[in-house]
Amino acid sequence: MSVPRDLGPKQPLGYTASLLQRAAEQRRDEAALAALCAGGQAGVYAIGGEFVVLKRTGGDLDPLFTLDEARALGATSELVFLGLLAGSGRFGIGLEPAAIEPLKTATNLVISDLRSIAVQGLVAADHLAPLAEAKALLHWHARHRFCSNCGAPSRPVDGGWRRDCPACRTQHFARTDPVAIMLAIAGERCLLGRQSRFAPGMWSCLAGFVEPGESIEDAVRREIREEAGIACGRVSYFASQPWPFPSSLMIGCHTQALSHEIVVDRDELEDARWFDRDEVAAMLLRRHRDGLTTPPPVAIAHHIIRAWLENEHGLD
Ligand SMILES: [Zn+2]
């Protein structure tokens with residue numbers, strides 16, 4: 001079997017290419033935010049932890065509520081300003097955990113999670129990036145209610161992009177956590193791994209958090225050495241993807257493997273091994289004879305792997 005020359009049309013990377021203008025200059029303008037909320041023009045995403053509330057409209061699902069509709073869903077927490085779309089405001093509103101359960105039986109609503117929404121295409125693709133923005137920001141609020149400097153309750157400001165401590169005046173900014181996700185390449189083979197939580201038969205890139213004081217390149221080499229015992233050299237940046245589970249930024253890279261003998265860290269991985277191009281192409285196209293697969297196009301791993309198959313990466 002040879003590698004198909006045509007892997008089919010490229011599919012979009014999930015949660016990217018937002019159409020919103022973040023309009024950061026409006027975050028601290030309370031009058032402007034109030035005006036955007038008034039008049040029923042604001043579009044609001046309602047999110048409670050991992051759950052996203054969707055509205056049935058005819059045969060479609062719509063993730064946008066008016067502010068009044070969103071507040072009528074149940075007890076809410078922060079309202080955060082996501083940005084502007086064609087001049088109207090887009091917001092995210094947090095629902096308290098107890099508010100979600102009764103919504104699950106409402107006939108005009110569907111309660112789903114952001115992975116399912118993306119993989120199953122439950123809403124128009126334009127909503128995925130702002131939903132990711134809302135989910136990550138609301139999660140940050142839910143986990144940062146108290147000042148990490150003095151322990152006093154903090155309060156949201158700047159449209160939800162910062163929390164200030166009234167006791168010690170420390171400002172806390174919404175954060176995202178960088179994760180390096182990488183494909184090690186050795187000529188005509190690449191290294192894929194499996195975690196026990198993966199769907200049966202799915203293999204993917206290795207990944208791990210970038211640590212304080214560490215470059216992306218060093219994180220790539222360290223993770224592969226730790227998880228699979230492979231030494232790597234050059235690292236080439238490919239693309240990045242917000243991954244709001246709960247608040248990561250996936251930084252996709254290819255890297256040149258310098259050694260070949262795999263030593264799997266069984267605490268991190270169920271298995272890791274080398275795959276050749278034919279096998280990986282079959283996995284990506286869902287034609288593998290044993291049913292092995294790579295992640296779906298919503299995930300950056302799919303695109304990192306495909307770029308290797310098509311020689312569209314920075315390592316020669
Ligand atoms: Zn404080």
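The values are calculated or read from the model by the stated rules, or taken from the named source; none is laboratory data. Note that the structure is predicted; figures quoted are calculated from it, not measured. Cβ placement follows ideal geometry from the backbone for every residue including glycine, while neighbour counts extend to all protein chains displayed. Each accessible area value is taken on the protein alone, full model and side chains, heavy atoms only, with ligands, DNA and RNA left out. Shrake-Rupley method; radii C 1.70, N 1.55, O 1.52, S 1.80 Å.
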Can you give the charge dipole size of region 39-129 about its Cα centre, rounded to the nearest 20 debye, using +1 on the beta carbon of Lys and Arg and -1 on the beta carbon of Asp and Glu?
-> 100
Proximal aspartates and glutamates relative to K104, as straight alpha-carbon distance under 17 Å, when same-chain residues fewer than 8 apart are discounted | E50, D62, E69, E96, D113
Counting only DSSP beta bridges with both residues in the chain, tell me the antiparallel percent, nearest 5.
-> 75
Regarding the chain, what are the three Cα extents along the principal axes, ordered largest first, in Å?
-> 60, 51, 34
Can you pull the one-decimal nm distance between simple spin-label points at D265 and T57, each 7 Å off the Cα toward Cβ?
-> 4.6
With charges only on Cβ, +1 for K and R and -1 for D and E, what is the dipole size of region 62-221 about its Cα centre, in debye, rounded to 20?
-> 300
Around K135 (Cβ within 13 Å, Cβ-to-Cβ, excluding K135; K/R +1, D/E -1) the net charge comes to -2
Lys/Arg +1, Asp/Glu -1 at C-beta; region 1-144 dipole; positive extreme among A46, P9, L36 = P9
Could you tell me the largest-minus-smallest coordinate of the C-alpha atoms of region 30-157 on each of the three principal axes, in descending order and whole angstroms?
-> 50, 31, 26
Charge dipole of region 25-182 built from unit charges on the beta carbon (Lys, Arg +1; Asp, Glu -1), centred at mean Cα; most positive-end Cα among L128, A70, C147 is C147
Using a simple spin-label model with points 7 Å from Cα along the Cα→Cβ vector, what separation in nm is obtained for L285 and R115?
-> 2.8
Note the per residue figure in Å³ for the convex hull of the C-alpha positions in region 174-226.
-> 105
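Translational D (Stokes-Einstein, µm²/s) of region 147-243 at 25 °C and 0.890 mPa s when Rh comes from the Kirkwood sum over C-alpha pairs?
Details: Rh = 16.5 Å.
Answer from the Stokes-Einstein relation: 149 µm²/s.
May I ask for the percentage of alpha-carbon pairs in region 1-76 that lie more than 18 Å from each other? If you can, show how the numbers build up before the last one.
On the way: 1801 of 2850 pairs.
Percentage above 18 Å: 63.
Kirkwood Rh over Cα pairs of region 200-291 into Stokes-Einstein at 20 °C, 1.002 mPa s: D in µm²/s? Before the final figure, lay out each step's value.
Details: Rh = 14.7 Å.
Estimated diffusion coefficient is 146 µm²/s.
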Report in % the part of the accessible area of region 42-176 that belongs to carbon and sulfur, leaving out ligands and nucleic acids; probe 1.4 Å.
-> 51
For region 76-235, the spread of Cα positions along each principal axis, largest first, Å = 52, 47, 34
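Using a simple charge model, +1 on the beta-carbon of Lys and Arg, -1 on the beta-carbon of Asp and Glu, nothing else, what dipole does the chain show about its Cα centre, in debye to the nearest 20? It would help to have the intermediate numbers written out before the result.
Values: 33 positive and 39 negative charges, 107 e Å.
In total the dipole reaches around 520 debye.
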